[in-house]
Each structure stands twice: as C-alpha cells, then as structure tokens.
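The values are calculated or read from the model by the stated rules, or taken from the named source; none is laboratory data. What you are looking at is a predicted structure, and each value in this text was computed from that prediction instead of being measured. Using ideal geometry, Cβ is built from the backbone for each residue, glycine included, and neighbour counts are taken over all protein chains shown. Note: accessible area is taken over every heavy atom of the protein model, side chains too, but ligands, DNA and RNA are not part of it. Shrake-Rupley method; radii C 1.70, N 1.55, O 1.52, S 1.80 Å.
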Amino acid sequence: MPAPTMSAKEWSLLCGLSLLWGASFFFTGVAVQELPPLTIVLLRVGLGALTLYAVLRASGGTLPGDARAWRDLAVLGVINSALPFTLIVWGQTQIPSGLASILNATTPLFGVLAAHLCTQDERITSNRLAGVVIGFAGVALMVGAGALRGGDAPVAGQLAILGAACSYAIAGVYARRLRRYGLAPMVAATGQIACATLILLPLALLVERPWQYAMPGAATWFAVAGSAVLSTALAYVIYFRLIATAGATNILLVTFLVPVSAILLGWLVLGERLEPRHFLGMALIAGGLAALDGRLLRRRRGAPLSVGGSGTDRGRPGSR
C-alpha cells in the first residue's frame with residue numbers, strides 16, 4: 001500500500017517546515033563562530049523545550065504520564081534531535097555547507113528504505129524511488145559542481161552528515177509509534193525536545209565546559225534564540241502534525257525543500273543572485289516531489305484523484 005497522498009494544507013506545512021529548518025543552517029553558521037557544537041545544540045533544544053512547555057501549560061495541556069510513551073520520546077530525543085543536530089553542527093565545521101546540503105538531502109533515500117523495511121503501508125514504489133532520485137539530482141544541481149567535487153573535504157565530516165541523514169530517516173519511521181498513545185503534536189514535540197535536553201546537558205558540560213568560553217555577542221544569542229524557538233519548537237510541532245497525517249516517507253521530503261528555502265532566503269534577505277542552475281534545480285525538485293506525491297501519474301492513467309488520501313492510508317499503523 002503506498003504512502004498517503006498529501007493535501008494542499010499538508011504541502012503548505014511541509015514548505016513552512018523547510019523554511020524553518022533552512023533557517024537553522026544560517027543560525028548555526030552564526031553561532032558556531034563563538035560557541036562549540038554540543039553547547040549550541042544544548043542551547044537550541046533547551047530553550048526550545050522551555051518554549052514548548054510554556055505554551056503547552058498556557059494552553060492547558062499536560063505531559064504524558066505513560067512510562068512507555070516517555071521511553072519512545074527518549075529514543076526520539078536521541079535519534080531525531082540530539083544525535084543529528086550534533087552531527088550536523090560538527091559536520092559544518094569540517095566540510096563546505098554546499099556539500100553538507102547535498103549529503104543531508106540523502107535523508108529521503110534512507111527514509112524510503114527504512115519505511116519499506118519497517119512498515120506495511122509505505123512500501124517502495126517505482127514512482128517514489130524515481131522521485132527521490134530526481135529530487136536529489138535537483139538538490140545537487142542547485143548547490144553546484146564545486147560542492148560535488150568536495151574531494152578534499154574531511155571524510156569524517158561527510159560521514160557525520162550522512163549519519164545525521166540516516167538518523168532522521170529512522171526517526172521518521174519510529175515516530176509512528178506515538179500514534180498508540182494519542183499524543184497531540186505539541187505534547188510529542190515538548191516531550192522529545194525535553195528528553196534531548198536531559199541527554200545533552202551532562203555531555204556538553206563534561207566534554208566542552210562552556211563556562212570557559214568568552215560570553216557570546218548579541219548576534220550569537222539572536223541566532224541561538226531563532227534556532228530554538230523557530231527551527232526547533234515551532235518546527236517540531238509541525239513535524240509531528242505531519243507525521244500523524246502524511247506518513248513517515250512524505251515528511252522526509254522536507255530535506256529536498258530545505259536547500260530551496262536557503263537559497264531563496266539568501267536572495268530575499270541577503271540580496272544574493274540566483275543563477276540559471278538554481279531555477280533548473282528547483283524544477284527538478286518539483287518534478288521529484290510530483291512523482292513522490294503520485295497524483296499527476298494517477299491523473300495520466302485516468303484514476304480519480306484523492307486530495308487527502310484514503311482514510312485507510314491515513315489511519316493504518318505500521319508493523320511496529
């Protein structure tokens with residue numbers, strides 16, 4: 001059974017998520033000038049957790065009381081936040097950001113495989129596999145041949161980004177387990193980020209001893225705040241909302257859109273020039289997303305369109 005077809009609302013949420021996570025690369029680029037990687041990630045998830053908890057309490061929500069739910073949230077705290085955030089921040093100190101973007105965009109490749117192996121309702125289909133390959137080609141074209149060459153970039157930095165991509169993919173499938181607890185997206189996001197904070201706190205204090213660094217400037221604090229509130233707190237509320245309705249494979253498409261968001265933000269905010277390869281790359285990404293979504297192919301075959309996907313597709317749990 002194929003993954004659910006996404007509605008227009010879900011596509012808009014996915015684009016919004018790409019903007020939030022695309023901005024995180026900018027925030028990290030600013031913060032890494034004055035702070036070490038683990039400390040940056042700790043501040044990001046710690047402030048994000050406090051923000052989410054304050055909003056949760058203000059809205060009358062409560063954290064789960066089920067120990068099994070906290071077990072799964074702790075696992076997600078590791079594989080969906082603490083580990084990939086740290087690997088990406090550290091990797092960006094070792095390799096060019098363009099190459100990092102390409103490697104991060106392999107997440108759907110790992111995600112399609114993970115969903116195929118671990119679920120019953122998100123199997124690999126020819127159009128989804130073709131969509132992943134086309135989308136990845138668009139990302140590579142947008143970033144440019146210079147980043148593709150990257151032969152002198154440290155292997156450890158490249159492996160770190162690939163490790164983060166693989167971790168995100170596994171997390172996208174594992175997050176389906178939260179369906180059994182009926183957690184609201186806000187609750188799931190708060191629990192996951194809180195667990196990530198508790199895991200990272202002793203590591204950052206023991207390994208980096210952040211109190212030994214000079215007090216960061218205002219730009220760094222603004223970057224950390226933006227990363228925590230926008231790219232973490234708000235982003236993960238959207239993330240869990242999409243996991244619940246659009247499926248594990250579809251949510252991973254955001255990694256194709258992040259480079260698009262980053263380049264468009266650079267054009268709008270920093271006045272950077274867009275080149276023809278950027279537009280061609282965006283066209284390839286759009287084609288890949290259309291193949292993954294599947295509606296255009298069904299229209300060509302004469303099948304009726306289902307904007308929101310079937311109720312069976314959206315409610316059926318995976319083999320986990």
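Within the bounds of region 215-226, is there any residue that is open to solvent by 50 Å² or more (accessible area, probe 1.4 Å), without any contact (Cβ under 8 Å) to a residue 12 or more places away in the chain, of a type in the set (Gly, Ala, Ser) and in a helix (DSSP H, G or I)? The answer is yes; a qualifying residue exists.
Which helices (runs of 4 or more DSSP H) sit wholly inside region 1-99 and have at least 1 residues that are without any contact (Cβ under 8 Å) to a residue 24 or more places away in the chain? Before you say what the answer is, go through the steps one by one.
Working: elements: 8-31, 37-58, 67-77, 83-92.
Where helices (runs of 4 or more DSSP H) fall fully within region 1-99 and carry at least 1 residues being without any contact (Cβ under 8 Å) to a residue 24 or more places away in the chain, they are 8-31, 37-58, 67-77.
Within region 185-214, being open to solvent by 30 Å² or more (accessible area, probe 1.4 Å) and under 16 Å from the mean Cα position of the chain (by Cα) holds for one residue alone: Pro185. Residues considered: Gly29, Gly60. Of these, the only one that is on the phi > 0 side of the Ramachandran plot and not charged (D, E, K, R) is Gly60. So, Gly77, is that one modelled with pLDDT of 80 or more and either within 15 Å of the chain's Cα centre (by Cα) or open to solvent by 10 Å² or more (accessible area, probe 1.4 Å) (or both) or not? The answer is yes for Gly77. Among the residues of region 163-188, the ones that are more than 15 Å from Arg68 (Cβ to Cβ) and not in a helix (DSSP H, G or I) come to 1 in all.
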